[in-house]
Amino acid sequence: MLDLPPHGAHIIASLDLYGGTWRLFHQVRAQSATLEVTHVGFSDQAALEAALRPETALIWAETPGNPLLSLTDLSQAAAFAHAHYLVAVADNTFASPAVQRPLEHGFDLVVHSDIKYICGHSDIIVGAVVVSERADLAQRLGFLQNATGTVLDPFQSFLARRGLLTLELRVARHAVNALTVARFLEGHPKIERVVYPGLESHPQHAIIAKQMNGGDGMRRQGA
Ligand SMILES: *Cc1c(COP(=O)(O)O)cnc(C)c1O
């Protein structure tokens, strides 16, 4: 995926970002590909504009972010990316495709770590890139996949597919459980603050209704 932008490219990425992605950007690709990354909160339009450079190749939005669960308004972020001819990439791992589908909000590429919700059994090491109708991106990624060897063996593919079959059911239960726990904690006298976008008290709660269908273990729409 990160072989897509050219050497020396610049990425605008979420501030609230999975540690492994942070490490890959700053401790691997910064050295091997002179990748530069600016982290911004995607709701801050002025910060997004200020981060733009001639070398900016793509935006990388992780929503909900891991670990702070901050949300990015997907259609707003996609509009920003396309206004500046940038490829829009979403890390959808924390939502799962059962509740959020960034391609439907204008994104070009979606990345998933399949080892979590999608697998559901903690017994695979699989990731996925989902491509929009942009044939140029699909072709280039297919070429890179073959050239660099990131190809799944049949058994891992089978296990990933097995997980997908129960994804929706599992995520629906996660959502109910998570909201129950969050409400309990929010009402508990010894708890100062609960950070959970599914709670009405969360400052980004309104984004859920725009793009998250039903909810998941990390957050949930409505009651
Ligand atoms: C866990 C996680 C990843 C990466 O997972 P691996 O499959 O272990 O590489 C990427 N993004 C997010 C948001 C994650 O939570």
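The values are calculated or read from the model by the stated rules, or taken from the named source; none is laboratory data. Note that the structure is a prediction, hence the values are computed from the model and not measured. As a convention, Cβ positions derive from the backbone with ideal geometry for all residues, glycine included, and neighbour counts pool all protein chains shown. Quick note on the areas: whole protein, heavy atoms, side chains included, nothing else; ligands and nucleic acids left out. Shrake-Rupley method; radii C 1.70, N 1.55, O 1.52, S 1.80 Å.
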- Message: I need to check one value: relative contact order of the chain, counting alpha carbon pairs closer than 8 Å and at least 6 residues apart, in percent.
- Response: 16
- Query: Label points 7 Å out from Cα along the Cβ direction at Ala209 and Asp3: separation in nm?
  - Reply: 4.5
- Query: On average, how much accessible surface per residue is there in the chain, in Å², for a 1.4 Å probe, leaving out ligands, DNA and RNA?
  - Reply: 52
- Task: For Leu4, Leu169, Leu24, give the ranking by accessible area with the largest first, probe 1.4 Å.
- Result: Leu169, Leu24, Leu4
- Net charge of neighbours whose Cβ lies under 13 Å from the Cβ of Phe155, counting Lys and Arg as +1 and Asp and Glu as -1: 0
- Task: Quick one: net charge around His7, please, counting Lys, Arg +1 and Asp, Glu -1 for every other residue with C-beta under 13 Å from its C-beta.
- Result: -2
- Could you calculate the contour length gain from Arg53 to Ser201, that is, 0.36 nm times the residue separation minus the distance between their Cα atoms, to one decimal place in nm? 49.7 nm
- Leaving out ligands, DNA and RNA but keeping every protein chain, what accessible area does Ile125 have, in Å² rounded to the nearest 10, with a 1.4 Å probe? 150
- Using R₀ = 30 Å, calculate the FRET efficiency as 1/(1 + (r/R₀)^6) where r is the Cβ-Cβ separation of Ser75 and Asn177; round to 0.05. 0.55
- Item | Shape category assigned to region 121-209 from the gyration tensor of Cα positions, a/c cut at 1.5 | prolate
- Message: Let me check something: with ligands and nucleic acids excluded, how do Ser75, Ser43, Ser96 order by accessible area (1.4 Å probe), largest to smallest?
- Response: Ser43, Ser75, Ser96
- Message: Test of understanding: express the Cα radius of gyration of the chain as a ratio to 2.2 N^0.38 Å, with N the residue count.
- Response: 1.04
- CD proxy at 222 nm, helix term only [per DSSP H run n ≥ 4: -39500 (n - 2.57); per residue of the chain; nearest 500]: -10500 deg cm²/dmol
- Enumerate the helices in the chain for which the Kyte-Doolittle hydropathy averages -0.5 or more and the C-alpha atoms extend at least 30 Å along the helix's axis, using complete DSSP H runs. 154-186
- Message: If I take R0 = 25 Å and measure r between the Cβ atoms of Ala147 and Tyr85 in this structure, what FRET efficiency does the formula 1/(1 + (r/R0)^6) give, to the nearest 0.05?
- Response: 0.50
- Could you tell me which of rounded, prolate or oblate describes region 1-100, using a ≥ b ≥ c as the square roots of the eigenvalues of the alpha-carbon gyration tensor, with rounded for a/c under 1.5 and, failing that, prolate when a/b is larger than b/c and oblate otherwise? oblate
- Query: So, with a 1.4 angstrom probe, what is the percent of accessible area on region 80-176 that is carbon and sulfur?
  - Reply: 60
- Query: With all protein chains present and a 1.4 Å probe, how do Met212, Met1 order by accessible area, largest first?
  - Reply: Met1, Met212
- Grab the other residues whose beta carbon is less than 13 angstrom from that of Tyr18, score K and R as +1, D and E as -1, and report the net. -1
- Message: Probe radius 1.4 Å, ligands and nucleic acids ignored: give me the carbon and sulfur share of the accessible area of region 1-66 as a rounded percent.
- Response: 53
- Task: Over the residues of region 72-151, compute the C-alpha Rg and express it relative to 2.2 N^0.38 Å.
- Result: 1.16
